[in-house]
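Some notes on the structure that comes next.
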Amino acid sequence: QVQLVESGGGLVQAGGSLRLSCAASGRTFSSAAMGWFRQAPGKEREFVAAISWSGDNTRYADSVKGRFTISRDDAKNTVYLQMNSLKPEDTAVYYCSASTTSYTLQRGVVKAWGQGTQITVSS
């Protein structure tokens, strides 16, 4: 079972950038698809981005395409989410996640969750 710890959250002005990191423990990281979800107050958790175990395939929610980039460094057992051109509607708790494939992850079939990190974008 992979364990996930997010970092990099905080407060940023609209138009700014942040990079989230998710450090994973466990030998299965390199064979797991990784991704990010977010949950805003009063809303359901939603998919943000996913990356396949090989790094060859990435998926994004339409709301973040062109602004967010997911990547992974298997040598560091870490997945990243680079967030640019942030908007107030990006404010949420962001959760790192692991799944078998990026396809299943996008559909919410998640094997492990991180504890979440808060992103607040001020207008």
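Pairs are defined by a Cβ separation below 7 Å, a sequence spacing of at least 6 or placement on different chains, a first member in segment 70-85 that is touching a residue at least 24 places away in the same chain (Cβ under 8 Å), and a second member that is open to solvent by 40 Å² or more (accessible area, probe 1.4 Å) and assigned to a loop (DSSP other than H, G, I, E, B); the pairs so defined are MET83/SER17; ASN84/SER17; SER85/GLY15. With respect to being closer than 20 Å to VAL110 by Cα and among the aliphatic types (A, V, I, L, M), VAL2 fits the description. In segment 45-71, of all residues being within 16 Å of ARG107 (Cβ to Cβ) and of a type in the set (Ser, Thr, Tyr), the one that is surrounded by the fewest Cβ atoms within 10 Å (Cβ to Cβ) corresponds to THR58. Against the test of being free of Cβ contacts under 8 Å to residues at least 40 places away in the same chain, open to solvent by 10 Å² or more (accessible area, probe 1.4 Å) and either under 14 Å from the mean Cα position of the chain (by Cα) or within 20 Å of THR78 (Cβ to Cβ) (or both), the options SER31, SER17, SER7 yield a single qualifying residue, SER31.
Give the residues of segment 96-114 that are open to solvent by 30 Å² or more (accessible area, probe 1.4 Å) and either more than 12 Å from the chain's Cα centre (by Cα) or closer than 18 Å to SER54 by Cα (or both), sorted by residue number. Scanning segment 96-114 gives THR100, THR101, TYR103, THR104, GLN106, ARG107, GLY108, VAL109, VAL110, LYS111. Of the residues making up segment 72-95, just one is open to solvent by 50 Å² or more (accessible area, probe 1.4 Å) and among the aliphatic types (A, V, I, L, M), namely ALA75.
The values are calculated or read from the model by the stated rules, or taken from the named source; none is laboratory data. All values reported here derive from a predicted model rather than from experimental measurement. All Cβ positions, even for glycine, are placed from backbone atoms using ideal geometry, and neighbour counts span all protein chains on display. Please note that ligands, DNA and RNA were not included when accessible areas were found on the heavy atoms of the full protein model with its side chains. Shrake-Rupley method; radii C 1.70, N 1.55, O 1.52, S 1.80 Å.
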